[in-house]
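These notes are about the structure you will find just below.
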Amino acid sequence: MTEKQENPIVELLKTLVSAGILAIGIRSCVAEARYIPSESMLPTLEINDRLIVEKISYRFRKPERGDVVVFSPTETLKQQDYKEAFIKRVIGIPGDIVEVKNNAVYVNNQKLSEKYILNPPNYEYPPTKIPEGQYLVLGDNRNNSYDSHYWGFVPLKNLIGRATVRFWPPDRIGPLNHQPLYPEAQAK
């Protein structure tokens with residue numbers, strides 16, 4: 001007895017539909033690729049860098065200082081007609097008091113040692129306590145970044161994920177450093 005061969009076109013369609021469903025599932029729940037459209041994260045990220053943003057870890061742990069995060073526009077940003085996701089570094093977590101003065105960022109009265117920024121900030125930001133469920137994010141290009149010091153905090157629900165790996169350009173492939181470079185600010 002011979003088995004009936006399925007039409008190759010039907011078989012191809014089944015494969016394509018299965019692959020599409022799998023790709024959508026991975027992109028919406030596990031990870032997605034993103035590109036960098038601006039200079040706000042220089043020198044860490046350059047224009048046209050391509051990244052993998054993982055979406056799983058924040059289901060099991062809270063964002064940490066130093067994480068490079070991608071997030072949907074906040075309500076304030078939506079009112080200004082921003083629709084695209086942003087990428088910034090978490091500087092303040094719930095309960096922290098963040099201040100910018102004398103060309104430096106302070107968290108809980110401790111000056112941050114920020115080896116990853118392009119230039120020290122040339123602006124002031126008054127001491128501000130980060131509310132529960134909110135995060136203060138700043139671009140690494142402190143003086144050329146539209147970030148929390150302009151428009152406020154990012155709610156946890158707006159976080160899409162954590163940038164983990166740069167996969168383009170080839171000469172810059174590798175993991176992004178998520179270790180907070182300012183351990184003195186860890187103690188509250």
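The values are calculated or read from the model by the stated rules, or taken from the named source; none is laboratory data. The model shown is predicted, which means the values in this text are computed figures rather than measured ones. Virtual Cβ from ideal backbone geometry, glycine too; neighbours counted across all protein chains shown. With ligands, DNA and RNA removed, areas are computed over all heavy atoms of the protein, side chains included. Shrake-Rupley method; radii C 1.70, N 1.55, O 1.52, S 1.80 Å.
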Only sites in a loop by DSSP and with at most 10 other Cβ atoms within 10 Å count here; which GluC sites (Glu not before Pro) in the range 90-183 make the cut? Glu132
In terms of solvent-accessible area of protein heavy atoms at a 1.4 angstrom probe, what is the ranking of Leu136, Leu42, highest value first? Leu42, Leu136
Using 1/(1 + (r/R0)^6) with R0 = 22 angstrom and r between the beta carbons of Lys157 and Thr76, what's the FRET efficiency to the nearest 0.05? 0.90
Carbon-plus-sulfur fraction of the accessible area of the range 40-135, 1.4 Å probe, in percent? 49 percent
Students often forget the sequence filter, so: which lysines lie under 20 Å Cα-Cα from Lys115 once same-chain residues fewer than 8 apart are removed? Lys88, Lys101
How much accessible surface area, in Å² rounded to 10, belongs to the heavy atoms of Lys62 with a 1.4 Å probe? 120 Å²
For the range 34-94, what is the per residue volume of the convex hull drawn over the alpha-carbon atoms, in cubic angstrom? 105 Å³
Probe 1.4 Å, all protein chains in place: accessible area of Leu156 in Å², nearest 10? 60 Å²
Along the charge dipole of the range 58-162, pointing to its positive end and built from +1/-1 on Cβ of Lys, Arg, Asp and Glu, which listed residue (Phe86, Asn109, Val69) has its Cα farthest out? Val69
Dipole magnitude of the range 44-126, debye to nearest 20 (Cβ charges: Lys/Arg +1, Asp/Glu -1, about Cα centre): 260 debye
Among 83-96, 161-174, what's the highest-first ranking by average C-beta atoms within 10 angstrom per residue? 83-96, 161-174
